[in-house]
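Input: a single structure, listed below in structure tokens.
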Amino acid sequence: MTGHPVTETDPRRLDRLVTHLILNAHRHGATPAEVTVDGTTIVVRDHGPGFSPELLAHGPQRFRTEAAERGHGHGLGLGLTIALGQAHVIGAHLTPANTTPLKTNRTTCRPMRGRFRQSST
């Protein structure tokens, strides 16, 4: 494929998804929070202590918060759950992960096969 990747999606839902990922990194991680875009892949990374093994095993669940050492501003555990729901609606796949050895958190959002279209326009 030539040209720049183009993703056709609902911009309001993508905005909500990315906003919740950035807010989660800011509130519960450690600085710096970084956002990178590579083609149709968005990665939000912070430098906090990492996601819990439970979150990595079972994914975000509403009304479940991370451990106290994750940072300040503990809410109801809805931010990542909302982002996951928005990703599902627009046909994207959300993957929380811990990056070692830097002990950083990374959440990746990619289009699921067949749901987004790339073009050379």
query = In segment 16-28, is there at least one residue being surrounded by 15 or more Cβ atoms within 10 Å (Cβ to Cβ), touching a helix residue (DSSP H, G or I) at 6+ places or on another chain (Cβ under 9 Å), of a type in the set (Gly, Ala, Ser) and under 11 Å from Arg106 (Cβ atoms)?
reply = no
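Being open to solvent by 60 Å² or more (accessible area, probe 1.4 Å), outside any loop (DSSP other than H, G, I, E, B), in contact with a strand residue (DSSP E or B) (Cβ under 9 Å, 6 or more places away or on another chain) and modelled with pLDDT of 80 or more: is that true of Thr95 here? Outline the logic, then answer.
Details: open to solvent by 60 Å² or more (accessible area, probe 1.4 Å): no; outside any loop (DSSP other than H, G, I, E, B): yes; in contact with a strand residue (DSSP E or B) (Cβ under 9 Å, 6 or more places away or on another chain): yes; modelled with pLDDT of 80 or more: yes.
So Thr95 does not fit the description; no.
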inquiry  = Cβ-Cβ distance below 6 Å, separation of 6 or more or different chains: which pairs start in segment 1-18 with a residue that is on the phi > 0 side of the Ramachandran plot and end on one that is modelled with pLDDT under 85 and loosely packed, with under 12 Cβ neighbours inside 10 Å?
reply    = Gly3/Ser120
query = Here are Leu78, Leu56, Leu102, Leu84: which of them is modelled with pLDDT under 70 and open to solvent by 20 Å² or more (accessible area, probe 1.4 Å)?
reply = Leu102
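The values are calculated or read from the model by the stated rules, or taken from the named source; none is laboratory data. Everything numeric in this text was worked out from a predicted model, so none of it was measured. As a convention, Cβ positions derive from the backbone with ideal geometry for all residues, glycine included, and neighbour counts pool all protein chains shown. SASA here: full protein model, heavy atoms, side chains in, ligands and nucleic acids out. Shrake-Rupley method; radii C 1.70, N 1.55, O 1.52, S 1.80 Å.
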